[in-house]
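Have a look at the structure below before the remarks.
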Amino acid sequence: MPSRKTKGKKKSVPTAPVPKDALNNVKNKIKRENLLYAARKAHNVGKHKSRRELLKMEQAEPQLKEERLANNIPTTIENTRIYDETVDAPIEGEDEFEEYFKNKRTPKVLITTSKFARAQAYELSDQLLNIIPGSEFVKRGQKFSMKEIAQFCINRDYTDLVVISEDKKVVNGLTFVHLPAGPTMFFSLTSLRMPKQISGHGRATSHVPELILNSFSTRLGMTVGRLFQSLFPQTPEFVGRQVVTLHNQRDFIFFRRHRYLFKETERVGLQELGPQFTLKLRRVRRGIAEEMEWEHRPEMDKEKRKFYM
């Protein structure tokens, strides 16, 4: 008697790849899954085989690996960005930061808040006092406007004014005013984390930190970078091993503060001091909150490969 077929016996799976068009014509679901599995398996086998062959060739001829790595440049949004003619172009016209870069003035910064400020704004102001050397905090009166505060600063030889904005008890922006003639820049602020929220954070000292600015390449970006530079003295105290980093990526500016840790002779570690936050430029005005020079609009976000800094 012929032997009966046992239930649950696995069917043989074809090993040859199957075209996708052929899979669409297979009505049986189980058979279609088996064919798809066979196609994927054959593809993976061929891929691993070609990698092994390439590895043997590169071990025999090392220059082949160098050529492959030189040509293997991944496509990213950054390296396919829309061309901006102002990238690395020299600054033209009046330079509001000339006195700082000619070392004629030492930065003297006043920090204040918006009207009716709450706890988080005062907590961030304490952090900014610790970050920006030579800065001072003055509690804002409810009856004083931005221009009146700026005139107060000019009369007392301040070089910059920083105003912390908040909405619904949450800090949401920073306004920087370079004195005495501007410009005024407003940044939205997100992803704020205080040092106590950062695991393993260190305790900052009063040393003047180093300043690192990354990827401020357009004319607008260089102006923003020069604004941040004007807040810090040009003579960092390297003995403090502290560094402030402002990294621009896709027009978002990431703020970080670290300390170098020399644990070994060849390797250097980093200890984060905090705080952490992200800035995005929203408006640039001439002078002290006067004529609008540049403004971020919602339609600017439609083109994902267009960056302004």
With DNA, RNA and ligands ignored, accessible area of residue 305 (1.4 Å probe; Å², nearest 10): 100
Against the rule of thumb 2.2 N^0.38 Å, how large the Cα Rg of segment 211-259 comes out: 1.18
Entries of 102/263; 196/280; 65/302 with Cα pairs more than 32 Å apart: 102/263; 65/302
Two-decimal Rg/Rh across segment 48-136, once Rg and the Kirkwood Rh are taken from alpha-carbon atoms: 1.33
Qualifying GluC sites (Glu not before Pro) in segment 84-191, DSSP loop, other Cβ atoms within 10 Å at most 10: 85, 92, 94
More than 22 angstrom apart: percent of Cα pairs within segment 97-188: 23
Cα-based Rg of segment 52-93 normalised by 2.2 N^0.38 Å, two decimals: 2.06
D_trans [Stokes-Einstein, Kirkwood Rh over alpha-carbon pairs] for segment 29-185, 20 °C, 1.002 mPa s, µm² s⁻¹: 98
Whole-Hz couplings from phi, Karplus 6.51/-1.76/1.60, listed for segment 29-40; x for Gly and Pro: 5, 5, 5, 5, 5, 5, 5, 5, 4, 5, 5, 5
Rounded FRET efficiency, nearest 0.05, which uses the C-beta distance separating residue 191 from residue 151 and R0 of 30 Å: 0.35
Per-residue [θ]222 nm for the chain (sum of -39500 (n - 2.57) over DSSP H runs n ≥ 4, rounded to 500): -8500 deg cm²/dmol
Ranking by accessible area, most exposed first, for 224, 87 with a 1.4 Å probe: 87, 224
Average accessible surface area per residue within the chain, 1.4 Å rolling probe, Å²: 66
Using alpha-carbon coordinates, inclination of helix 119-131 to the longest axis of the chain, degrees: 80
Cα long-axis angle, helix 62-71 against the chain (0 to 90 degrees, to the nearest 10): 60
Projected-area mean, the chain, by convex hull of Cα positions, square nanometres: 29.7
Solvent exposure ordering (accessible area, 1.4 Å, most first) of 47, 304: 304, 47
Estimated inter-spin distance, residue 33 and residue 78, nm [label 7 Å along Cα→Cβ]: 4.3
Calculated from backbone phi, Karplus (6.51, -1.76, 1.60) coupling profile of segment 108-117 in Hz, x at Gly/Pro: 9, 10, 10, 10, 9, 10, 6, 5, 6, 5
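The values are calculated or read from the model by the stated rules, or taken from the named source; none is laboratory data. Quantities reported herein were computed from a predicted structural model and do not represent experimental measurements. Ideal geometry is used to build each Cβ from the backbone, glycine not excepted, and the neighbour counts take in all protein chains shown. Side chains are part of the model used for accessible areas, which takes the heavy atoms of the whole protein and leaves out ligands, DNA and RNA. Shrake-Rupley method; radii C 1.70, N 1.55, O 1.52, S 1.80 Å.
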